[in-house]
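Report on the following structure.
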Amino acid sequence: MNNRPIAVFDSGLGGLSVLRELIRVLPEENFLYFGDSANAPYGSRSTQEIRELTLRHARELFSRGIKALVVACNTATSAAIHDLREQYPDKIIIGIEPALKLAVSHFPAGRILVMATEATLREQKFAALMDRYAAQCNICKCPCPGLVEFVERGELSGKSVEAVLQKELKNCLSPKPDAVVLGCTHFPFLRDAIRAVIGEKPEIFDGADGTAKETKRRLSEAGLLRSGSPGTVELTNSLQTPEILLLSEQLLSADGH
Ligand code: DGL
């Protein structure tokens, strides 16, 4: 029973930054990763499209007998988490969100830059999160179209990605932020390029660790934790080409810090 895998879903390769934290926090679990690279990026799609894609892939994953679903995509969480929970009220479903609360706890009156997809930043879910802190902090929303594609093709550093970052962040860097929230699971893979553009000062936060800990808490509460031997990891993708699977393995083993 507890041997059933935990599914980890993303629009593409970004969720691997969450999977590596899940493996660290839950090393004895079996994981089934599914990235929808054939349809990435989700962030520039309509809410309806993102919802349909997410619900379709969730249905397939549940039909494989998974014990929990981690939506390792901020964009899919904001568009579809309510529908998922409504359709599968008895399932364990965890959705990642931009780690704004964590950033505010470190910088209670700070200037905080939130980098996420256009879809995440326009959704009601993010508006509600932002409303909680807007009075005390100075929050700058930064949609970053074009960045996800760099990760999808494995281009994690260099002049081209830095040029896109310069262009997208230029209105938010003066005055310098205290914290930068990576509200898209693809972005932790661009951490060095982001650091090159924002400088040394701002602290960088993402939601991977919080999501992994929440997954552990939910499984423990349900008596579904696996233990006894190291778990397995299966990487799958809607493209399922040798290139995308190799890149998935490389990203999963990339240093996250
Ligand atoms: N990785 C996803 C997220 O966390 C979205 C990337 C995309 O636009 O597909 O928001």
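Values as computed for the structure displayed
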| read-out | value |
| --- | --- |
| Where a residue in the range 134-162 is without any contact (Cβ under 8 Å) to a residue 12 or more places away in the chain and its partner, wherever it lies, is surrounded by 13 or more Cβ atoms within 10 Å (Cβ to Cβ), with Cβ under 7 Å and at least six apart | 155/161 |
| Residue that is within 11 Å of the ligand (Cβ to nearest atom), under 22 Å from residue 14 (Cα atoms) and open to solvent by less than 80 Å² (accessible area, probe 1.4 Å), where the choices are 151, 161, 181 | 151 |
| Identity of the residue in the range 1-37, crowded, with 24+ Cβ neighbours inside 10 Å and small (Gly, Ala, Ser), that ends up farthest from the chain's Cα centre (by Cα) | 7 |
| Given (1) part of a helix (DSSP H, G or I); (2) open to solvent by less than 60 Å² (accessible area, probe 1.4 Å); (3) not β-branched (Val, Ile, Thr), index of the condition residue 65 fails | (1) |
| Only listed residue being of a type in the set (Val, Ile, Thr), touching a residue at least 40 places away in the same chain (Cβ under 8 Å) and either more than 29 Å from residue 150 (Cβ to Cβ) or touching a Gly at 6+ places or on another chain (Cβ under 9 Å) (or both), chosen from 112, 94, 81 | 81 |
| Those residues of the range 195-211 which are touching a strand residue (DSSP E or B) at 6+ places or on another chain (Cβ under 7 Å) and in a helix (DSSP H, G or I), in sequence order | 198, 211 |
| Looking only at the range 72-90, and only at residues there that are open to solvent by 40 Å² or more (accessible area, probe 1.4 Å) and either under 14 Å from residue 8 (Cα atoms) or among the acidic types (Asp, Glu) (or both), the one that is nearest to the ligand (Cβ to nearest atom) | 83 |
| Residue 43 vs. criteria buried (at least 20 other Cβ atoms within 10 Å of the Cβ) and either within 13 Å of the ligand (Cβ to nearest atom) or in a loop (DSSP other than H, G, I, E, B) (or both) | yes |
| Tabulated pairs, the range 190-201, first more than 14 Å from residue 164 (Cβ to Cβ), second outside any helix (DSSP H, G or I) and of a type in the set (Lys, Arg), C-beta under 6 angstrom, 6+ apart or interchain | 201/176 |
| Single condition residue 47 does not satisfy, out of (1) in contact (Cβ under 8 Å) with a residue 40 or more places away in the chain; (2) over 20 Å from residue 145 (Cα atoms) | (2) |
| Qualifying residue in the range 155-177 (condition: assigned to a strand (DSSP E or B) and among the polar types (S, T, N, Q)) | no |
| Residue in the range 212-231 that is open to solvent by less than 30 Å² (accessible area, probe 1.4 Å), modelled with pLDDT of 95 or more, part of a helix (DSSP H, G or I) and among the β-branched types (Val, Ile, Thr) present | yes |
| The lone exception for residue 125 - which of (1) within 13 Å of the ligand (Cβ to nearest atom); (2) in a loop (DSSP other than H, G, I, E, B) it fails | (2) |
| Among the candidates 168, 155, 162, residue that is more than 26 Å from residue 129 (Cα to Cα) and more than 19 Å from the chain's Cα centre (by Cα) | 162 |
| Tally, over the range 55-71, of residues that are away from the ligand (no atom under 16 Å from the Cβ) and either closer than 18 Å to residue 14 by Cβ or modelled with pLDDT under 95 (or both) | 1 |
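The values are calculated or read from the model by the stated rules, or taken from the named source; none is laboratory data. Everything numeric in this text was worked out from a predicted model, so none of it was measured. Because the Cβ atoms are built from the backbone with ideal geometry, glycine has one as well, and the counts that use them run over all protein chains shown. Just so you know, the surface numbers come from the protein's heavy atoms only, side chains and all, with ligands and any DNA or RNA stripped out. Shrake-Rupley method; radii C 1.70, N 1.55, O 1.52, S 1.80 Å.
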